[in-house]
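Below: one structure, written as structure tokens.
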Amino acid sequence: MPQFLTGTEEETVALGERLARDLPSRAAVLLIGNLGAGKTTLAKGIVKGLGAAEPDEVSSPTFTLIHEYGDPVRVYHIDLYRLEHPAELDALGLDEIFERQAVCLVEWGERFPDRMPSPRFEIRLETLDGDRRRITLTAFPAGE
Amino acid sequence: MRILGIESSCDETAAAVVEDGAAVVSSVVASQLSTHGPYGGVVPELASREHLRAIVPVVRAALERAGTDFTGLAAVAATAGPGLVGSLLVGLTYAKSLAFARGLPLIAVNHIEGHIHAVLLEAKREGLPVRFPALALVVSGGHTHLFEVSERFDYRLLGKTRDDAAGEAFDKVAKLLGFSYPGGPVIDLLAPHGNPRAVRFTPAKMKGNTLDFSFSGLKTAVLRWVEARGMREEIDARRRLLKTTPHPGTEQWLEATPPATLDLLASFQRTVVDELLRRATAAAEQIEANAMIVSGGVACNTGLRAAAREARLPCPVYFPSPGLSTDNAAMIAAAAFPKYERGEFSGLDARAQANLTLALQ
């Protein structure tokens with residue numbers, strides 16, 4: 001279970017870039033952590049690492065629900081924070097997006113565990129003191 | 001000369017008829033209609049399948065209220081992006097079908113350009129047209145952008161948020177404190193009851209482009225403040241209030257909100273407003289703007305409006321009326337008007353684009 005420590009936002013972005021290199025071109029990646037844990041910051045790095053957009057282009061998808069990067073789309077950055085009911089995931093067409101040949105970064109996906117694809121990666125972000133973050137990557141189910 | 005506008009980029013399904021780019025003849029927004037509306041219920045927020053249910057009755061209602069039918073239209077305009085592709089497709093495809101069936105020109109509009117034109121439309125109607133170049137601050141739940149707007153409606157992006165939109169910061173702070181969604185209105189309602197200088201938040205320092213925004217750090221600072229003070233009980237009390245009373249009034253909120261929390265809300269709002277105006281003013285000075293335009297849902301914020309009035313801005317500032325601040329279709333029809341005059345029509349192959357940019361790259 002690879003674990004990383006970052007001390008600044010820049011380091012979190014750099015870690016995202018590095019993690020992106022090991023991702024298959026089609027993958028679901030859950031970004032799990034509290035408000036302000038750095039989920040969108042890590043997403044900036046992953047999007048950059050996949051060559052889909054520059055970090056400054058990547059902003060929070062909370063309101064718009066889904067941001068797309070790359071042409072053709074290589075990364076879907078999804079945020080389920082605003083959603084309350086599993087039925088809303090159907091309305092969003094999430095299952096169809098997971099089928100596409102792209103990396104799907106999902107914030108707040110752990111709120112709907114039954115609806116998340118398997119296999120998938122889970123990246124947990126924890127705030128330590130100040131700007132320091134502990135970032136843990138796991139494959140789900142284990143051993144994949 | 002009437003244009004039908006259609007908007008479906010995010011939560012709202014909307015249609016409107018606008019005359020000569022200045023008069024809103026009708027404007028219908030689905031999520032604002034009562035339960036007695038023509039389709040038998042509040043249209044739940046969200047996404048393409050809900051838009052699909054709403055689009056036909058909403059367009060029909062807009063035409064009926066305008067006292068017109070398709071023969072009275074000069075063109076059909078629809079939002080092509082940015083937004084959710086599935087949602088955008090509903091409005092855009094419907095507009096294409098109408099254009100094709102009725103032989104009307106189709107005009108694809110950028111949603112953010114629409115927000116800017118909401119202000120231009122009203123200024124024109126009031127007989128106080130905006131002078132150019134103008135600085136536009138488009139600020140909502142999904143956007144926080146600064147644009148230079150030229151007389152020909154060319155746009156240059158000067159700055160934008162690198163993380164959360166300003167409206168999103170309002171929503172998230174409200175939610176973590178147990179207030180209702182969307183967060184902007186409730187925080188704006190309670191902020192005057194607190195001391196805006198009580199809690200000091202450090203303004204975001206931007207490396208690189210100093211006209212960019214960042215609200216993620218502020219959101220996190222509020223979270224830390226709350227965690228450090230053990231506010232579980234009052235937060236739970238407000239959540240209970242919301243369960244029994246979906247729309248609490250000011251008095252009910254005040255009863256459930258101690259002075260320290262009111263100070264927090266006031267300080268948070270002041271910090272957001274200061275950030276927005278500070279960078280918008282710097283941008284206006286940089287481009288020697290003759291007007292400042294503030295638009296998008298956050299333009300409803302009374303704290304922002306008051307601060308803009310009191311600030312020594314280098315040029316006059318324009319806000320839209322509240323109904324035209326949030327997502328609507330009148331702004332889409334208004335933005336289509338100059339394109340119509342210039343003959344900038346879209347083909348039936350026009351694409352819905354999630355990340356459609358406004359400025360020339």
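Among the helices (runs of 4 or more DSSP H) confined to segment B:245-325, the ones with at least 1 residues that are surrounded by fewer than 17 Cβ atoms within 10 Å (Cβ to Cβ) and in contact with a Gly (Cβ under 8 Å, 6 or more places away or on another chain) are located at B:259-286.
Taking segment A:6-17 as the region of interest, how many residues are farther than 20 Å from residue A:102 by Cβ and touching a residue at least 12 places away in the same chain (Cβ under 8 Å)? Of the residues in segment A:6-17, 8 are farther than 20 Å from residue A:102 by Cβ and touching a residue at least 12 places away in the same chain (Cβ under 8 Å). Go through the residues of segment B:30-48 one by one and say whether even a single one is touching a helix residue (DSSP H, G or I) at 6+ places or on another chain (Cβ under 6 Å) and at pLDDT 90 or above. No.
Among residues of segment B:132-145 that are within 18 Å of residue A:57 (Cβ to Cβ) and more than 9 Å from chain A (Cβ to nearest Cβ), those with a beta-carbon under 9 Å from a residue that is part of a strand (DSSP E or B) and β-branched (Val, Ile, Thr) at least six positions away or on a different chain give the pairs B:138/B:144; B:138/B:293; B:138/B:294; B:145/B:138; B:145/B:139; B:145/B:161.
Filtered by the rule that a residue be surrounded by 14 or more Cβ atoms within 10 Å (Cβ to Cβ) and closer than 26 Å to residue B:26 by Cβ, segment B:333-355 gives B:333, B:334, B:335, B:336, B:337, B:338, B:339, B:340, B:345, B:346, B:350, B:352. If you check A:100, A:134 for being within 12 Å of chain B (Cβ to nearest Cβ), of a type in the set (D, E, K, R), touching a strand residue (DSSP E or B) at 6+ places or on another chain (Cβ under 8 Å) and outside any helix (DSSP H, G or I), only one passes: A:100.
Looking only at residues in segment B:159-190 that are of a type in the set (Asp, Glu) and in a loop (DSSP other than H, G, I, E, B), which one is surrounded by the fewest Cβ atoms within 10 Å (Cβ to Cβ)? Once the filter is applied, the top-ranked residue is B:163.
Note on segment B:206-224: among residues that are buried (at least 17 other Cβ atoms within 10 Å of the Cβ) and polar (S, T, N, Q), the one that is farthest from the other protein chains (Cβ to nearest Cβ) is B:214. Looking at segment B:146-158, which of the residues that are within 21 Å of residue B:339 (Cα to Cα) and surrounded by 24 or more Cβ atoms within 10 Å (Cβ to Cβ) is farthest from the other protein chains (Cβ to nearest Cβ)? Among them, the one singled out is B:149. Within segment A:21-44, being aliphatic (A, V, I, L, M) and free of Cβ contacts under 8 Å to residues at least 40 places away in the same chain holds for one residue alone: A:35. In segment B:197-231, which residue that is of a type in the set (Lys, Arg) and within 16 Å of residue B:263 (Cα to Cα) is nearest to the chain's Cα centre (by Cα)? The selected residue is B:219.
The values are calculated or read from the model by the stated rules, or taken from the named source; none is laboratory data. Bear in mind the structure is a predicted one, so any value in this text is a computation, not a measurement. Note: ideal-geometry Cβ built from the backbone for every residue, glycine included; neighbour counts use all protein chains shown.
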